[in-house]
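Notes follow once the structure below has been shown.
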Amino acid sequence: MSEISKAYEPQAVEEKWYAAWQNEGCFTADPASPKPGYSIVIPPPNVTGMLTLGHVLNNTIQDVLARRARMKGFEVLWLPGTDHAGIATQTVVERKLRKEEKKTRRDLGREAFLERVWEWKEKHGGIIISQLKKLGCSCDWSRERFTMDEGYSRAVQATFVDLYGKGLIYRGKRMVNWCPVSLTALSDEEVIMKPQKGVLYRMRYELVERPGEYLEIATTRPETLMGDTAVAVHPDDERYKHLIGQHVWRPFPRLQIPIVADEHIDPQFGTGVLKVTPAHDKADFEIGQRHHLEILDVLNPDGTLNELAGSEFAGMDRFVARKAAAAKLAELGLLVAEEPYQNNVGFSERADVPIEPRLSLQWFLKYPSVEQSLEAVKSGEIRFRPERWVSTYEHWLTNIQDWCISRQLWWGHRIPVWYRKDDESVIHVGLEAPADEENWRQEEDVLDTWFSSWLWPFETMDEATRAKFYPTGDLVTGPDIIFFWVARMIMAGYEYTGRKPFSDVFFTGLIRDIQGRKMSKSLGNSPDPLELIAKYGADGIRFGLLRIAPQGQDIRFDEKVVEEGRNFANKLWNAARFRQMQGPSAPDADLSGLPLSIYSIDLLAKLDELIAKVNGAYAEYRFNEIAQSLYDFFWSEYCDWYVEAAKTEISGSDEAARASALAVMDTVLNRLLRLLHPFMPHITEELWETLGFSARSHGKPFVLYSDWPEPVGIAALVGEAAVKAAQE
RNA sequence: GGGCAGUUAGCUCAGUGGUAGAGCGGUUCGUUUACACCGAAUUGGUCGGGGGUUCAAAUCCCUCACUGCCCACCA
């Protein structure tokens, strides 16, 4: 038994035990184990990612679940990995290329560029994995997966081929969300609406059939008027009814365009007249379809105007053109007014610029197994916690549009489609190119990243692993990716395994700063978890965060909570140190036959209550309650009350009383260490060893391999009456 | 425009029918040999407003206000 230092210094201890666990293969899951299986798949962080507090919360919860399951006798698989994160990763590498070599990806060409991305990935990618290790995560690292591993990639493409075969995937020219910076289409989920301060321009178009008379129109986007192919009014609008079917002059390029009637127009808004630009607005596009209007695309992919907009606008950025168009209207005497106006504009989630609705040729998916996925969550076959997310899920799933799955990127899973060179309408869909490969051209586009992550729960496993560990148990993730990921995994699970991919989903809250703002890089309000770990220890940050993490409620983060976690670890350390000073402790103290003081009986009764309470809280995923209960019991009941009271007996001359007090301490401490282990794995492991409790472990001498504690059963030992008496 | 959360001590938050809680902060003590990353004591709230149900409401119901988030093709 070694001497314990006065203050707990987590760094060396944490490193030592993490290495020991890994060397002993403690995290390795054995599909052949006779024990029942329990599994979690990690929400794969972006390969470009750095550990955030959100990751800390999320992964600590997963680690708690995994470690407790191990102690409860399950064979545990916590499967880790990373996501290739198409746009994010490609952007990082492109930026580096531009900065260091002043080149674009097109300068390199597809193959050379992809080589660079792989190089980057090998060198800088996956930093987050080593950061998760610092946190103490008990993932089976021998099974680490990447969404672009060879086998995984093949599965992704095979899924495409399969869904195509089922008639669920089609290619079509549709209105999509286009990001003018990333130069790719995005799914609806990747667009974020933001209120923007802008201007509502009131302009007037002259009536063709009634020269000198004008129709007043309100718009926020005058730069698209060159693409107008109609104006629309409500069919019942008395003001304009007589004009339906007539024409107005689009001022530039000057053109006669019809006045059409459409139910979509709100007579109350603006002047009740809408300029219809079918190529640059989703609603306008639909109006265009209904009235067979011409689609006039006046924008380039990068958001500049093209020559169809007129030579004076060609090449001009859309926002510059907005002002220029307004100025030209004013010059022509057609601008009636400019009013400050606030409206919602869709932004690209990644590039943070307004997206452009754009008509383009893309691949779409009609979601599979929708009904079953809906039913599974409604019926509780898959349980959501907190339950309120069920309605969010339902609402989305009952209103989904087809998923635009193609991306105009290079980094990702290339769509397994070939077009015949002499006739592009002839296509081949399959994992391999046709035999006469030279006559075919493969689709340039790659698949949306989420088209690969929706297979994560089962494609990360081989046959034997799936037999043992699939469906997985708990999924721990943020509610922000309920549509992106959770819902799609459920659909893929049913479609491809015929089973649910997981039984329980626990949605964590979002971590905000002390002012309630979202953590973000630009605000600089996101503390670096690694610095916190260095300062307070991984156990400190784990315990501190979980203690204030209520069920799915957002969390305001203050470094104080981590400090408290550290203090708690220190207190634990010193309580063990105090016990050690009184002589060797017994791994399995026998309390029967010992003269138990009323303090002892009271404490043991409270310990039994604690264990019951903790088990109950686990059943409901109330992690903050578990942490708080352990904290209160240990600090108030054990340290402040029991140990102080027992000091009399410990230093007294009554040997039996002394032995009894120490035995009670051992009984409490070894259970407490086990109860705390999922939350604070390192320090409990260290103390388990120093106090000599390893005899209670199974196989390997770790607390990690000990049993989840059973109650002492104090009522049975001394009788209900004695317990009651002690507690009064 | 819909939907969902939240509003409890100076601060951050627990508490879902039965005499208001924790941590931090403040104040006052304490070098008693586990711990100052500590201990003892103490301060502090008409539980967002209004109405209702009940013997009893922070807790259930209604309503209002404010804040946040999600969904939504009003230009």
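What follows is calculated from the coordinates using simple rules that are stated; it is not laboratory data. Owing to the predicted nature of the structure, the values given are computational and were not obtained by experimental measurement. FYI the Cβ positions are ideal-geometry reconstructions off the backbone, even for glycines, and counts take in every protein chain you see.
Max-minus-min Cα coordinates of the range A:12-96 on each principal axis give 49, 32, 23 Å, with the largest extent listed first. Shown for the range A:26-181 is the translational diffusion coefficient from the Stokes-Einstein equation, using the Kirkwood radius over Cα pairs, a temperature of 10 °C and a viscosity of 1.306 mPa s: 86 µm²/s.
Give the relative contact order (percent, whole number) for chain A; include only Cα pairs under 8 Å separated by 6+ residues.
Relative contact order here is 15 percent.
In the range A:434-474, the inverse of the mean reciprocal separation of distinct Cα atoms equals 13.3 Å; this is its Kirkwood hydrodynamic radius.
Modelled spin labels at residue A:101 and residue A:336, positioned 7 Å past Cα toward Cβ, are 5.6 nm from each other. The alpha carbons of the range A:83-150 give a radius of gyration and a Dmax of 14.3, 43 Å, in that order.
What is the extension gain from residue A:612 to residue A:628, computed as 0.36 nm multiplied by their sequence separation minus the C-alpha to C-alpha distance, in nm to one decimal? List each step's numbers first, then the result.
Numbers: separation 16, 0.36 × 16 = 5.76 nm, distance 1.41 nm.
4.4 nm is the gain from fully extending residue A:612 to residue A:628.
Annotation: lysines with alpha-carbon distance below 17 angstrom to residue A:173 (same-chain offsets under eight excluded): A:282, A:366. Apply the Debye scattering formula to chain A, with a single equal point scatterer on each alpha-carbon and no solvent, then give log10 I(q)/I(0) at q = 0.12 Å⁻¹. Evaluating at q = 0.12 Å⁻¹ gives log10 I(q)/I(0) of -1.31. Each of residue A:396 and residue A:112 was given a label point 7 Å from its Cα along the Cα-to-Cβ line. The distance between the two points is 4.1 nm. Straight-line cross-link reach from residue A:96 at under 20 Å between alpha-carbon atoms covers these lysines, not counting any fewer than eight positions away in the same chain: A:121, A:123, A:521. Remark: C-alpha extents of the range A:609-668 on the principal axes read 47, 17, 12 Å, sorted largest to smallest.
Taking the DSSP beta bridges with both ends in chain A, the antiparallel portion is around 75 percent. The slack in the chain from residue A:199 to residue A:619, taken as 0.36 nm per residue of separation less the alpha-carbon distance, amounts to 145.8 nm.
Along the range A:167-176 the Karplus relation, 6.51 cos²θ - 1.76 cosθ + 1.60 evaluated at θ = phi - 60°, assigns HN-Hα couplings of x, 8, 10, 9, 10, x, 8, 10, 6, 10 Hz to successive residues, with x for each Gly and Pro. Computed from the Cβ-Cβ distance with R0 of 51 Å, the FRET efficiency linking residue A:345 to residue A:9 stands at 0.45. Applying both filters, DSSP loop and at most 15 other Cβ atoms within 10 Å, to the GluC sites (Glu not before Pro) of the range A:614-687 gives A:620.
Only aspartates and glutamates eight or more places from residue A:197 in sequence, or on another chain, were considered; those with a Cα closer than 14 Å are A:338, A:339.
Per residue, the convex hull spanned by the Cα atoms of the range A:423-556 measures out at 220 cubic angstrom. Each Cα pair under 8 Å and six or more residues apart adds its sequence gap; the mean of these over the residue count of the range A:528-624 is a relative contact order of 35 percent. Mean sequence separation of contacting Cα pairs (under 8 Å, at least six apart), scaled by the length of the range A:4-94, corresponds to a relative contact order of 38 percent. Overall, the anisotropy analysis places the range A:130-190 in the oblate class: the square-rooted eigenvalues a ≥ b ≥ c of its C-alpha gyration tensor yield a/c not less than 1.5, with a/b not exceeding b/c.
Using only the C-alpha atoms of the range A:534-652, find the volume of their convex hull and express it per residue in Å³.
Numbers: hull volume 15.6 nm³, N = 119.
Hull volume over Cα atoms, normalised by residue count, gives 131 Å³.
Entry note: the range A:512-589 has Rg to Rh equal to 1.16, where both radii use alpha-carbon atoms and Rh is the Kirkwood radius. Highest mean first, the peptides A:77-84, A:590-597, A:512-519 sorted by other C-beta atoms within 10 Å per residue fall in the order A:77-84, A:590-597, A:512-519. Extent of the range A:374-444 along its three principal axes (Cα atoms, max minus min coordinate, largest first): 55, 23, 21 Å.
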